Structure formats: structure tokens, C-alpha cells
Amino acid sequence: MLSVAVLISGTGSNLRALLDAAADPSYPARIVVVGADREADGLAHAEEFGIPSFTVPWSGHTSREAWGAELDAQLRVWQPDLIVLSGLMRLLPPAVVSAWSPRIVNTHPAYLPEFPGAHGVRDALAAGATQTGASVIVVDDGVDTGPVLAQERVPVLPGDTEHSLHERIKPVERRLLIDVVRRIAEGGLDLGTVRDRPRSASS
């Protein structure tokens, strides 16, 4: 059984999807702890499912490295097999990435390496793209530059707004994430080999 820690900053919609999936006894992963960088609304999902949680507030730390050191210490208490970033709006410090790599995955609302960064949906619309997508990647020291584990195209429809497009991308992100975690747990996806993968599955 794969043990998973999930880190959030907001409502934790991907967290909720993973919790629902893991509630099925046949799903080969279990969430053992949920962490946040603030008093995030998504912590309520952990409470509902009886999952322990912790908060490492960004405020009160003198540097990103100091914040990362406390986050790393909290994670080490639980020793998860995998860390999932579910809307965590902080870049992990290099020391944290190095300590847990390649066992950190994240979702992104674009077909990477297209439109990386915090505004992937907005950037796709601004570029006049006719399609974008969703990706699940391994986290590295860059911004959405890690190896791609899974991705899927999502069309941009006439009249789409940032909100409407993002709402169509979110279910794809959740489905891909649930499948990636399953494949890791079942041994069908070996994170030990991902450093040799191309940045994009289409490259």
C-alpha cells in the first residue's frame, strides 16, 4: 500500500478526489497526512476523512529555506512513499526537492512544456491557443520543468473564459492524478527512472 502525503494551499479539490479514490478498498494508495502553508479550506477534507494534518505557515519564517526545513521535518515524521502537491502555491526549496526527489508529483493546467507557471490557463487564452491540456509531472527545481508522467489535451472553445476553461481542465487533472498514483502504487510507473524521461511526453 503506497503511503501519500498531500500538500495544499487552497480548497484542495485534487486532495478531495484522491481521498474519494482512496476510500475504495481496491485503490492501492492511502493518504497518511495532509499539510498546508496556511489555514487552507481544504484541510476540512482531511478532517472529514479522519486524516491527520499539519500547517507550516509561510509567515514567520526568515527565508524560503527556513520554511522548507520545517516542512521537511513534518514530512519526515510520516515518511510518505509519495508527496502530491495539490495546489500548493509555494515553490519547494531545492533542499526539500533533493531530499524527496523523485517522489514528488504535481499537476498543472496545461500541456507542458506549453504554458508553465502560475497562470497556465490565462496564458493559453492570451496566446490564442486552440487547445491546451493537463499534465502530471515530477517536481524538480524549476517551474513546471520536471519529467511528464501523464498528460491529455483539452480543447479551447469559442467564448471560453479563464474560469470556464479551467473548470473543464480540472476533472482531467484529477483523473490523471488518480491514475498516476495508482500506477506508481502498482509498480507500473517507476519513479526511479523518470530522470531519463523527456520534459514533454510529446517531445
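The values are calculated or read from the model by the stated rules, or taken from the named source; none is laboratory data. All values derive from a computational prediction rather than experimental measurement. Because the Cβ atoms are built from the backbone with ideal geometry, glycine has one as well, and the counts that use them run over all protein chains shown. Ligands, DNA and RNA are excluded from the accessible area calculation, which covers all protein heavy atoms including side chains. Shrake-Rupley method; radii C 1.70, N 1.55, O 1.52, S 1.80 Å.
Here are the numbers for the structure shown:
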| item | result |
| --- | --- |
| Stretch gain in nm, segment Thr145-Trp58, where the contour uses 0.36 nm per residue and the Cα spacing is subtracted | 29.0 nm |
| HN-Hα J in Hz across the range 3-9 - Karplus 6.51, -1.76, 1.60, θ = phi - 60°, x for Gly and Pro | 9, 10, 9, 10, 10, 10, 10 |
| Added length on full extension, which subtracts the Cα-Cα distance from 0.36 nm per residue, Leu91 to Met1 | 29.6 nm |
| The range 134-144 - phi-based ³J(HN,Hα) in whole Hz, Karplus 6.51/-1.76/1.60, Gly and Pro as x | 9, 9, 10, 10, 7, 7, 10, 7, x, 9, 6 |
| Karplus-derived HN-Hα couplings along the range 28-43 (A = 6.51, B = -1.76, C = 1.60, θ = phi - 60°), whole Hz, x at Gly and Pro | x, 9, 9, 7, 9, 7, 10, x, 9, 9, 6, 7, 6, 4, x, 4 |
| Interatomic Cα distance distribution for the range 95-203, bins of 10 angstrom, percent | 15, 47, 29, 9, 0 |
| Heavy-atom accessible area ranking, 1.4 Å probe, most first, across Leu165, Leu125 | Leu125, Leu165 |
| For Glu152, net neighbour charge (Lys/Arg +1, Asp/Glu -1) across residues whose Cβ lies under 15 Å away | +3 |
| Apportionment of accessible area to carbon and sulfur, the chain, percent (1.4 Å) | 52 percent |
| Extension gain from Glu167 to Arg122, taking 0.36 nm per residue of separation minus the Cα-Cα distance | 14.9 nm |
| Charge context of Glu186, other residues only, Cβ under 13 angstrom, K/R +1, D/E -1 | -1 |
| 222 nm mean residue ellipticity, helices alone, for the chain (DSSP H n ≥ 4; -39,500 (n - 2.57); rounded to 500) | -10500 deg cm²/dmol |
| Debye log10 I(q)/I(0) at q = 0.14 Å⁻¹ for the chain, Cα point scatterers | -0.80 |
| Accessible area per residue, Å², the range 1-116 with all protein chains present, probe 1.4 Å | 42 Å² |
| Accessible-area ranking of Val143, Val154, largest first, probe 1.4 Å | Val143, Val154 |
